[in-house]
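Here is the structure we will look at.
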Amino acid sequence: MNTIKFKLPLFWKFSIAIIFIVIVFGSINSILIYNNVQSALQTETEKRALFIANSISQQIVSSLLFEDYVTLQNVINGIKEIDQNIDYIFIVDSKGNVVVHTFPINFPTQLLNANRVDENQKFKTQLINLKNKNEELILDVAVPILDGKIGNVRVGLRESSIQLDVQKTVNIFWIMVGVFLFFGIIGALVFANFITKPIKTIQNVADNIELSQIGKEQLPQIRIREKFLDRIKMLFRAEDEIDILADRFNQMIFRLDKAYRDLQNAQSNLIQSEKLATVGTLTAGLAHEINNPVAGLQNCIRRIKNDPANIEQNMKYLVMMENAVDKIEKVVGNLLNFTRKQSGDFISLSISEIVENSLLLVSHRLEKLRISVTNNIPTNLPMIKGNKNQLEQVMLNLFINSIDSIEEKISKHPDSERRLILSASRESDFIKIKIEDTGIGIPENILDKIFDPFFTTKSPGKGTGLGLSVVYNIIDAHQGKIYFESEEGKGTKVNLHLK
């Protein structure tokens, strides 16, 4: 069963936890307070009722003995007026008759036997429910007068006053709970912000780090809790786990930047090494490209020496010598440009110019093997963004692979077709370049390994196994794409996508 996941901010987690804890403990304390306060007030009410009844019993002894009912009535009326919680007072004589009472009309006869004092009892309390009082509970206290010899006093106190006091206490408690809850939620907000703001800072820095920035510009550093409320500089602060996390994150960014720079340097050195290895394979052809003009120069110099006075002839030889020097300069210049370690800046480039420069470096091998080159690349294609030196290396490596493949095939089948076909077209948002050869082809079982470093099918000493690996890395750095289509024995088609 899959776990249901949903986003819940830290503030709400703290708030829910605080609300739950406050409500649970508030409810428990409310019940305890209710019971304890009610019990305490009940006890105090009983003591008060008993005190009132005892006070009355002491005051009315003589009046009751002399049957001075007017005085008795005045006494109980006066006491009832003093205390608003007294519901009733009545006096019963020794015969069990009610002699005076505070009821406005008739005396409720059911009260008479509701709370009788037994012999040897100093007092007796009883909760009574009066039907004509909206079922209100009355605390009835009975106190004997002269040990019950001449009668007893009955005092009734309303229980509603106790309930009101208890309810008032509980209400005050819940108001305090609400206040604590309010400040608790504010505290949760402040605390959550104190925690989440640095985390969001770390998140924003992580989200805004672009791979294109690494190794090229100073990466952002995380700075948290330097100012209170982002305004007041903090003179001191105690670091916690979040500060440690931010520090570790900064260290990670530094290590990432350093590792990427080291990787770039290693890749640059690898590309440079592959360049030099490629130059080694071109040495014979380059020597031929230079030796032919040099031989022409020597021949022209010799002829000028033999007939220095023939100005017309010597001028022709000088033009020929100038052309030979230009050719040598062009070959050497292309070689130097290719081997020179240049910056990695991307500029606008013409794909046709890159192809022409690369073909010039392999022209001798093409001529030697009599390979026909069909260059169908238009000169009016949109410019691409890239590094000229690196893209020329890509083309040169691919051309050398095609030439080697054709050479291997004609060593087995001398009458095989010797063709190299180049084409390019504009697609939706990139330039598609195709390099097709009629070489030996690539076996299907190794087609997915050709970009692996040090993988080669050439005999020892004829390849480093880094050519296509370097090509792949360069194309990837240009946000391009390269893939091969090949049929063993028939040839290979290389597809390049460049923007």
Query raised in the report: What are the residue pairs meeting all of these: first residue in the range 303-324, first residue over 25 Å from Ile290 (Cα atoms), second residue part of a helix (DSSP H, G or I), Cβ atoms under 6 Å, and 6 or more apart or on different chains?
Result: none
Requested in this report: Would you check if there is a residue in the range 156-167 being farther than 30 Å from Ile56 by Cα and in a helix (DSSP H, G or I)?
Outcome: yes
Query raised in the report: Condition test on Val141, is it of a type outside the set (D, E, K, R), touching a Leu at 6+ places or on another chain (Cβ under 7 Å) and free of Cβ contacts under 8 Å to residues at least 24 places away in the same chain?
Result: no
Report task. Have a look at Asp93, Asp68 and point out the one that is touching a strand residue (DSSP E or B) at 6+ places or on another chain (Cβ under 9 Å) and surrounded by 12 or more Cβ atoms within 10 Å (Cβ to Cβ). Result -> Asp93
Report task. Residue by residue through the range 83-118, note down the ones that are β-branched (Val, Ile, Thr) and at pLDDT below 85. Result -> Ile105, Thr109, Val117
Query - Sole exception among (1) surrounded by 13 or more Cβ atoms within 10 Å (Cβ to Cβ); (2) part of a strand (DSSP E or B) for Asn129, by number - result: (1)
Requested in this report: Pairs only if they're at least six apart or on different chains, beta carbon under 6 angstrom, first in the range 6-35 and under 20 Å from Val166 (Cβ atoms), second in a helix (DSSP H, G or I) and at pLDDT 85 or above; list them, first residue then second.
Outcome: none
Query raised in the report: Is there a residue being among the hydrophobic types (A, V, I, L, M, F, W, C), surrounded by fewer than 11 Cβ atoms within 10 Å (Cβ to Cβ) and at pLDDT below 75 anywhere in the range 278-287?
Result: no
Report task. With respect to Lys80, determine if the residue is crowded, with 16+ Cβ neighbours inside 10 Å, at pLDDT 85 or above, closer than 25 Å to Ser39 by Cα and of a type in the set (Lys, Arg). Result -> yes
**Report entry** Any chance Asn265 is more than 30 Å from Ser402 (Cα to Cα) and either modelled with pLDDT of 60 or more or within 52 Å of the chain's Cα centre (by Cα) (or both)
**Finding:** no
Query - Candidates Ile52, Ile82, Ile86 - the one that is assigned by TED's automatic domain parsing to the domain that holds Arg158 and touching a helix residue (DSSP H, G or I) at 6+ places or on another chain (Cβ under 6 Å) - result: Ile86
Query raised in the report: Inside the range 392-440, can you point out the residues that are among the aliphatic types (A, V, I, L, M) and assigned to a helix (DSSP H, G or I)?
Result: Val394, Met395, Leu396, Leu398, Ile400, Ile403, Ile406, Ile410
**Report entry** Condition broken by Val170, with the remaining ones in (1) crowded, with 16+ Cβ neighbours inside 10 Å; (2) of a type outside the set (Ser, Thr, Tyr); (3) at positive phi satisfied
**Finding:** (3)
Report summary line: Restricted to the range 1-42 and to residues being exposed (fewer than 13 other Cβ atoms within 10 Å of the Cβ) and hydroxyl-bearing (Ser, Thr, Tyr), the residue nearest to Leu181 (Cα to Cα) is Ser27
**Report entry** Selected residue (only one of Thr438, Thr464 is hydroxyl-bearing (Ser, Thr, Tyr), in the same structural domain as Val362 (by TED's automatic domain parsing) and modelled with pLDDT under 85)
**Finding:** Thr464
Query raised in the report: So, in the range 362-392, of the ones that are within 23 Å of Gly491 (Cβ to Cβ) and polar (S, T, N, Q), which residue ends up surrounded by the most Cβ atoms within 10 Å (Cβ to Cβ)?
Result: Ser363
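The values are calculated or read from the model by the stated rules, or taken from the named source; none is laboratory data. None of these values were measured; they are calculated from a predicted model. Reconstructed Cβ throughout: ideal geometry from the backbone, glycine too, with neighbour counts over all protein chains shown.
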